[in-house]
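Only one structure is covered here, and it is reproduced in the block below.
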Amino acid sequence: MFDGEQEALKQDALKQEPLEDAALGELPLPHLVIMTPSADLYGSDRALLAALAEFTTRFRVTLVSAADGPMLRAAERLGAGIVITPDWALRRSGLALGALPTTLRTVLKTCSILRRIDRDQGIDLLYVNTVANACLPLLSVTTAAPILVHAHEVPIDRPRLAGLLFWVANRVGTAIVANSRFTADEIEKLVPGAAARTSVVLNGIDVSCVSPGPGSSQSEDSEVSQRRGPSGSLQIVCVGRLHPRKGQMVLLEALALATQRGQNWTVHFWGDALEEHRQLEEELHGFVSRHDLGARTVFHGYSDDLVRQYQDMDVAVIPSVLPEAFSLVTAEAQMAGLPVVATGPGGPDEIVVEGATGYIVGFDDSVAIYQALSKLEAPEVRSAFGAAGRERMLARFTAERYSREL
């Protein structure tokens, strides 16, 4: 435990006034409608899923999703209803001049679906999971229900768009939830005064989905076991969609530097690329080929199995080249018992304890990543960092704490 956190947690627990189960049984459950732009179990999808188990005991839950995917099957198993609509997720491609008529039709159709749900079933609370929602400006005229807007990201590389998004969120939302203090501070910079209606709720993790990585049991014929690279190499895992802002190329540059200096590392990438980023995927493979890193680099593709991603890994790297609003994978890696090297400033600063559970380095700096990973080559250092990180995650970043605060 760090910096008096245990005492703070005790005080938080004393403030909680859980509803009696008997009282809940006497009342009809209110209807919570959740808008989610994706369902493929990346970042905000997993954060939502971590809270759903508790939500479904307190609400009738309907997910209105802009896409089909594995998260919806998991949500159904937890008792949530599912409605799949046209794709209203806010993407750069949808804002192009030629695409605007299609985007507008999608928004109007989705709002019509929401109005029908409100008319037929009633909506007691509308929960908007991320601001990347093209419907956001019209939601307050679509339903009279309170609207909770959950900010999982701030596109600070596009300040005009970010300012517009959060101006709308502040006007439309009854309240805003930020996934980190960093996110809340960025919102306040964009929309002065928004802090009055913004609360910080750090994301949580379903502990059952993440087991400690180093030395965890694993079958000898598993894919990861067969593709571990040279014998005795440092096993480095990087989880996330292949995306320019996620910095996979920077990690490859650090790997190339280590290989040149005779260090024995293997990097495992878990994640796929959107169609618009296929060129980046080709560039990553090209770099591996040009620098003869094929035996030391594994592209596993997409998986929603966190145990499979982290088992028998030694260290996790989150090499983002722009600030992460929170970085769920940083927390997941720490929950799996791995030391972490992440970039900052940003959300990871609120997860990693510098020099105790991992290291925070600057953006787009392959040398700094190389140096941090070199410090973690010693097994005893990794073991101490990993144990401290997992202890902190169990104390502050569980799904139970997250869903209660949310």
Review point. Within the chain, which DSSP H helices have Cα atoms that stretch 30 Å or more along the helix axis and a mean Kyte-Doolittle hydropathy of at least -0.5?
Key: 100-121
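Name the shape class, rounded, prolate or oblate, that the alpha-carbon gyration tensor gives for region 208-396, where a ≥ b ≥ c are the square roots of its eigenvalues, rounded holds for a/c under 1.5, and otherwise prolate holds if a/b is larger than b/c and oblate otherwise. It would help to have the intermediate numbers written out before the result.
On the way: a/c = 1.31, a/b = 1.16, b/c = 1.12.
Judged from the Cα gyration tensor, region 208-396 comes out rounded (a/c under 1.5).
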Exercise for review: May I ask you to compute the full-extension gain from LYS109 to ARG77, defined as 0.36 nm times their residue separation minus their alpha-carbon distance, rounded to one decimal in nm?
Suggested key: 8.8 nm
Check your understanding: Across the Cα atoms of the chain, what radius of gyration and what greatest pairwise Cα-Cα distance (Dmax) are found, in Å?
Key -> 21.6, 68
Practice item. For THR398, list long-range residues whose amide hydrogen, built 1.01 Å from N in the peptide plane, is under 5 Å from its own amide hydrogen. Key: ILE205
Practice item. Compare the Cα positions of THR62, LEU95, LEU41 along the charge dipole of region 41-125 (+1 at Cβ of Lys, Arg; -1 at Cβ of Asp, Glu; about the Cα centre) and return the one farthest towards the positive end. Key: LEU95
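Can you put THR266, THR330 in order, fewest other beta carbons within 10 Å first? Numbers along the way, then the final one.
On the way: THR266 22, THR330 34.
Ordered from fewest to most neighbouring Cβ atoms within 10 Å, THR266, THR330 come out as THR266, THR330.
Quick check: convex hull over the Cα atoms of region 26-123, volume per residue in Å³, rounded to an integer? Don't skip to the end; give the middle numbers.
Working: hull volume 8.3 nm³, N = 98.
Roughly 85 Å³ of hull volume per residue.
I need the trypsin sites (Lys or Arg not before Pro) found in region 229-323, filtered to DSSP loop residues with at most 16 other beta carbons within 10 Å of theirs.
Working: sites: ARG241, ARG245, LYS246, ARG261, ARG278, ARG290, ARG296, ARG308; in loops: ARG241, ARG261.
Sites meeting the loop and neighbour criteria: ARG261.
Give me the net charge for the shell around ALA336: Cβ to Cβ below 14 angstrom, other residues only, Lys and Arg +1, Asp and Glu -1.
Details: positive: ARG46, ARG308, ARG382, ARG390, ARG392; negative: ASP206, ASP305, ASP312, ASP314, GLU332, GLU391.
Local net charge: -1.
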Point to revise | Built amide H within the under 5 Å cut-off of TYR359, gap 5+ | key: VAL340, VAL341, ALA342
Practice item. Would you mind classifying region 85-206 by shape? Square roots of the alpha carbon gyration tensor eigenvalues, ordered a ≥ b ≥ c; an a/c under 1.5 is rounded, otherwise it is prolate if a/b is larger than b/c and oblate if not. Key: oblate
**Study point:** the chain: calculated mean residue ellipticity at 222 nm from DSSP helix runs of at least 4, using -39500 (n - 2.57)
**Key:** -12500 deg cm²/dmol
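FYI, it's all coordinate maths here, none of it is from the lab. Keep in mind that this is a model prediction, so the values were computed, not measured. Positions of Cβ are backbone-derived with ideal geometry, glycine not excepted, and every protein chain shown enters the neighbour counts.
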